[in-house]
Amino acid sequence: MPAARFQSGDTVMGRWPGSNLYYEVKVLSYDSKTRLYTVIYKDGTELELKESDITSTIVFKQGVVRSRSRSRSRSPGRTRRSRSRSPARTSRRSSSRTTDVRKEKLKEALEVRLTPVPMTHENNSNSTHEKKEENNTASKVTEQKTVTESENQAGGRYNLRRRKDQGDGKEVELEKKEETEVVSQTKTPAAIKTTDLEFGGRVGVFFLMFLLPVAVLALLILCGQKDASLQNFPLDLPTLQSLWDWQVFGIVLLWLLFQAVLSLLPVGKLVEGMPLKNGKTLKYRINGFYALLLTAVAVVVALYQVDLSYIHAHFLQFYTSSLLIVILLSVYLFIRSRWASEEELAPGGNSGYFIYDFFMGRELNPRIKNFDIKFFCEMRPGLMGWVLINFAMLLAEVKHQNLKMPSPAMLLVNIFQLLWVVDGFWHEEKLLTMMDIVYDGFGFMLTFGDLAFVPFTFTCQAYYLVTHPNELSVYWIVTLIAMNGVGYYIFRKANSQKFAFRKNPSDPTVSHLKTIPTATGKSLIVSGLWGFVRHPNYLGDIIMGLAWSLPCGFNHLIPYFYLIYLTTLLVHRNARDERQCRKKYGSAWEEYCKAVPYRIFPRIY
């Protein structure tokens, strides 16, 4: 049996499977039976390579230099002899040789473009509820950016581009032109038109834009009635006075302004988001947890001057005021997107159809200077409003039912949901890896969800309990606490593993996880919670949602709206994620689905 050509620990150049690109890798081991080397790339990916796909660093560099030297060589004698030919023939010969030179130059430049250089490790920590592309390691866009930057640095280790002072003037001018052609090939391509329309396409989103606001209004009306049965349809239309109040509208605007000011405070760390299509990254101020604490202090101070049960008494007016702000903001976002560059457009909101793009959102990261509108709306006003409304409902229950203290059911709902919100702000940085931030444009869909749907439907359990008390036994209290604890553990553990793996696959907390490499350079986790189901974070979220709804009892279905909505949302989001991953990872995704057959619910789905 032939001995191993390379030893464990050697640094060599390894060819990436299915391509002609070579990268610096470290040899981990050699299997004499299969004659395969196990190597590790700089992003932590481990692969088995044949000996023919590996070459020493020195041989690799010499081979590239010889190739370039041959392409540069010229024959002075032939050049001089050509001068004795007739002017016409010389012209034709010169033109032909110039064309050959141009081809050689372009080939040479392209070879340099495809010659990998040592890559610096990019921090992919940033990118929800989770989104698009679970369990990635390094971004391919980041890799392209690194190669481009390294080529432009003088003295780069594998930067073999010819110096400008070599050759005659014409040759230098030609080289500049060829280099310009090559550089132009690395520019961000024009945005591709969105052809895969979601949510039923143009017709579907048209009806959703009207159905969603009306459905939320109907839910709030039912929750506020003594008999919250679905059999009460059709509902009596509320009066205009019960739907609108300018004072309430002013309060909502002040709330948004207050949260915007808190988000701009120079506290908390600055982090980079996921790489964009052009390879650049945006910076985000992570200070949501501090803003939550300051908001709590402001609410405590306000208790001495304001009766927060006012929110319960004017709940419909608060909703319609938020809805008007959603419409105005969505119109502004759509208009400003007309001036956005191609690389700033979202991949899913560039169909060319007015209604569809308005709903999905055309611009991926709309910003006013350093103020990121989407990142702000994703959590700040909606999630903090959720906690504030829950607390207002708690005070309203005590006042409405003449209680000395809130009921156990109301306390459990408030505590469970407060824990979820606090956890979200504590791990705010992880939002940057979610589908909402990385893939979805910011249009009516996300604006309505963030500013209207979340604060006014996620609070339906607390709103329901104000007028529909429900007694809980000690057994039920303990059971619900245990259920919420299990759901929270699965949710947090899964998201933490995913975030740590994206940030650094060699992290000791995730380095033991088994993975499936893909042709993109990313890997898919197939062990631990991520080997149990494909979306364990979704499973934990749904278990928590059940624990939030059960304190309301079983008399009506309305308190379970959140659970029904959440399950539907996550099943649909899973379908979107599966479709994108199948396109991106190809056969590796099929292998992953065989290793982890269940999507969310083990043995069921």
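Bear in mind that the values in this text are calculations on the coordinates, not laboratory data. Keep in mind the model is a prediction, meaning the values are calculated, not measured. Here the Cβ is made from the backbone with ideal geometry for all residues, glycine too, and neighbour counts use every protein chain on show.
Separation of segment 567-605 and segment 525-539, taken as the distance between their Cα centroids, equals 11 angstrom. Annotation: peptides 546-555, 267-276, ranked by per-residue average of other Cβ atoms within 10 Å with the highest first, follow the order 546-555, 267-276. When the C-alpha to C-alpha distance is required to be over 23 Å, the pairs from 50/522; 193/430; 277/584; 269/374; 193/594; 269/369 that qualify are 193/430; 193/594. Only Lys, Arg, Asp and Glu carry charge here, each on its Cβ (+1 for the first two, -1 for the last two); on that basis segment 462-605 has a dipole of about 700 debye about its Cα centre. Between residue 280 and residue 419, residue separation times 0.36 nm minus the direct Cα-Cα distance comes to 46.6 nm.
About the centre of its Cα atoms, segment 231-293 shows a dipole size close to 600 debye [charges on the beta carbon of Lys, Arg (+1) and Asp, Glu (-1) only; nearest 20 debye]. Taken about its Cα centre, segment 357-489 carries a charge dipole of roughly 320 debye when the Cβ of each Lys and Arg holds +1 and the Cβ of each Asp and Glu holds -1.
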